[in-house]
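Remarks on the structure that follows.
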Amino acid sequence: MTQLSPARKPAAQPAGHGTALYGGTRSRRITVRDIAAAKERGEKWPMLTAYDAMTGSVFDDAGIPVLLVGDSMGNCHLGYESTVPVTMDEITLLSAAVVRGTQRALIVADLPFGAYQEGPVQALRSATRLVKEAGVGAVKLEGGERSAHQVELLVSAGIPVMAHIGLTPQSVNAFGGYPVQGRGEEAAQQLLRDAKAVQGAGAFSVVLEAVPAELAAEVTRSLHIPTVGIGAGPDCDAQVLVWTDMAGLTAGRVPRFVKQYLALRELLGGAAKEFADEVVGGSFPAEEHTFH
């Protein structure tokens, strides 16, 4: 098991919670068994996306127990208009970087669009690559009943799976945008069936995206695996945000469910302008930045 480097401090431990997912002290990677135990304890936990070693290291040091190398990298890092164009090569490369930059967090990698829709065998081939080449601890895929066979084969092969239902961004073309899912009795019942299907197939958790809070609460009560909410109200077992949204780096409008905890875009832009002004004005580099 990987030990914490002496140069890095473990995340602060909340009093009385040595086994807690967030901020607990561990000298090993968090596993899906730890996630299951948190559900039994009624412990809520946070999850963030990460796409590189440095950012992963920051969140790992902060005690974030689960990091998602999401296909959201398409929108916020690779310049695509949606998640659809993201490739296996891209997700594998960035997943490996996040794994190298972390020591404690469970790293979950998305299976991108086109990497599992053909069926269970294709899903296993793609997931195996992420486990072997990138070193991730689990994979995530979208879809409920329609993806249950993929989930079942991956789990039987020893690859933990986080499912994703509700608003599934890879289906943006079918949805015609990013509408809230599960409104109305028929849609709500389908979402419940989807949740129970992925649980029955062996998923260790399920993301609920853009789902009415009341329905998400019902799903959470109905499952023995944890639910991870994003725009699904406060009653899910965990919450996830895209880190660039959370930190205020994303330009323009962000979804309603996002809370921005920092104005990082403004801060970073200000630092860049200050650097540029000093270069143009001749005050950088100064004597203390110069070799003789």
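Laboratory data are not the source of any read-out in this text; all were calculated from the coordinates shown. Note that this is a predicted model, so its numbers are computed, not measured. A quick note on method: Cβ atoms are made from the backbone with ideal geometry, for glycine too, and the neighbour counts reach across all protein chains shown.
Points worth noting:
- Peptides 200-209, 56-65, 121-130 ranked from most to least packed give 200-209, 56-65, 121-130, packing being the mean of other C-beta atoms within 10 angstrom over each peptide's residues.
- Pairs of Lys residues in the chain are counted when their Cα atoms are under 22 angstrom apart and they lie 8 or more places apart or on different chains; the count is 7.
- Label-to-label distance, nm, for residues given as SER222 and LEU267 (7 Å Cα→Cβ offset): 4.1 nm
- Here the range 219-292 is treated with +1 on each Lys and Arg Cβ and -1 on each Asp and Glu Cβ, and its dipole about the Cα centre works out to around 620 debye.
- Contour excess over end-to-end distance, with Cα ends at GLU118 and GLU214 and 0.36 nm allotted per residue: 31.2 nm
- Theoretical gain in end-to-end length, ASP52 to ARG256 [0.36 nm per residue, Cα-Cα removed]: 70.8 nm
- Sorted by Cβ density within 10 Å, fewest first, the residues PHE113, PHE275, PHE257: PHE275, PHE257, PHE113
- Remark: relative contact order (the range 85-171) = 29 percent; criterion is Cα-Cα distance under 8 angstrom and separation of 6 or more residues.
- Inter-label distance, GLU185 to HIS149: 3.2 nm, where each label sits 7 Å from its Cα along the C-beta direction.
- Largest mean-square fluctuation among TYR261, TYR116, TYR80, in a Gaussian network model of the chain whose springs join Cα atoms under 10 Å apart, belongs to TYR261.
- For the range 32-261, averaging the sequence separation of C-alpha pairs within contact (under 8 Å, six or more residues apart) and dividing by the residue count gives a relative contact order of 18 percent.
- Net charge over other residues, Cβ less than 12 angstrom from the Cβ of GLU43 (K, R count +1; D, E count -1): 0
- FRET efficiency, 1/(1 + (r/R0)^6) with R0 25 Å, evaluated for ASP235 and HIS77 via beta carbons: 0.20
- Ranked list, fewest to most other Cβ atoms within 10 Å of each Cβ, for SER95, SER171, SER156: SER156, SER171, SER95
- Sites ARG33 and GLU278, calculated FRET efficiency, Cβ-Cβ separation with R0 41 Å, nearest 0.05: 0.20
- Likely footprinting exposure, LYS132, LYS39, fewest C-beta neighbours within 10 Å first: LYS132, LYS39
- Listed values (i) 22.5, 71; (ii) 20.1, 75; (iii) 20.2, 63, entry calculated as Rg and Dmax of the Cα atoms in Å: (ii)
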